[in-house]
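Colleague: First the structure, which I've put down as structure tokens, then a few questions once you've had a look.
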Amino acid sequence: MKNIGFFGGSFDPIHLGHLNLAIQILEKLKLDKIIFCPANVSPFKTKKPPMASSKDRFEMARIAIKDFKDFEITNFEIKNENVSYTINTLKELKNSDNLRLIITEDTLLNFDKWKDYKNILQIAPLIVGVRNKFLENFKSENFTLDNKNFVKTNVFEISSTEIRKRLKNQKNCSHLIPKETLDYIYNRKLYL
């Protein structure tokens, strides 16, 4: 039985902050692998969908993780071409392996608004990457977590929104995005 982390997101674009979080969680929890899953459209972003196409976001993520032997990618959400609900993807991926859902502390604050979030917790217990100052005894009226759900990580303060602004303004982003992924962005003239 393998221990697998599931890491979904818009990845618009994927950046070193995403990779840093995934590596730290993989190593600290001794996971066997992490599956990256670009969302087609998040239910919370239907009015402001990702700027890059789902195909481009998938390719950027695929390129960014290709040199990490313990990282994989799935196109499950983008091939469905609908709003992406994590619960549907987890049900599809669930087999005899131990599946865990990787999120950030920012995401945790709205987790109880996710579709079938209680079912998600049954299928894939949360791994929350947190900064040292984050309240470890997280309280929610709708669900409880304990210390084993939290992993202290050194977070790179990088945001995809900020990267898109820098790209639009033709500022250097080579310190924020893996080189080959950045080359793909320039070749496809994304975010300009």
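The values are calculated or read from the model by the stated rules, or taken from the named source; none is laboratory data. Just so we're clear, the structure is a prediction, and the values are computed from it rather than from any experiment. Ideal geometry is used to build each Cβ from the backbone, glycine not excepted, and the neighbour counts take in all protein chains shown. Note: areas computed on protein heavy atoms with side chains; ligands, DNA, RNA excluded. Shrake-Rupley method; radii C 1.70, N 1.55, O 1.52, S 1.80 Å.
Colleague: For the stretch 51-74, which positions are within 23 Å of Tyr186 (Cβ to Cβ), open to solvent by 30 Å² or more (accessible area, probe 1.4 Å) and in a loop (DSSP other than H, G, I, E, B)?
Modeller: Met51, Ser53, Lys66, Asp67, Phe68
Colleague: List the number of the failed condition for Leu109; all other conditions in (1) among the hydrophobic types (A, V, I, L, M, F, W, C); (2) open to solvent by 30 Å² or more (accessible area, probe 1.4 Å); (3) touching a residue at least 12 places away in the same chain (Cβ under 8 Å) hold.
Modeller: (3)
Colleague: Going by what's in this entry, would Phe143 be described as closer than 30 Å to Arg100 by Cα, at pLDDT below 90 and open to solvent by less than 30 Å² (accessible area, probe 1.4 Å)?
Modeller: Here the answer is yes, as Phe143 does meet what is asked.
Colleague: Please find, within the stretch 172-187, the residue that is surrounded by the most Cβ atoms within 10 Å (Cβ to Cβ) out of those that are in a helix (DSSP H, G or I) and in contact with a helix residue (DSSP H, G or I) (Cβ under 6 Å, 6 or more places away or on another chain). First the steps, then the outcome.
Modeller: Let us first name the residues in the stretch 172-187 that are in a helix (DSSP H, G or I), namely 179-187.
Checking the rest, the ones that are also in contact with a helix residue (DSSP H, G or I) (Cβ under 6 Å, 6 or more places away or on another chain) come to 180-181, 184.
Numbers: Glu180: 13, Thr181: 24, Tyr184: 19.
Only one residue tops the list, namely Thr181.
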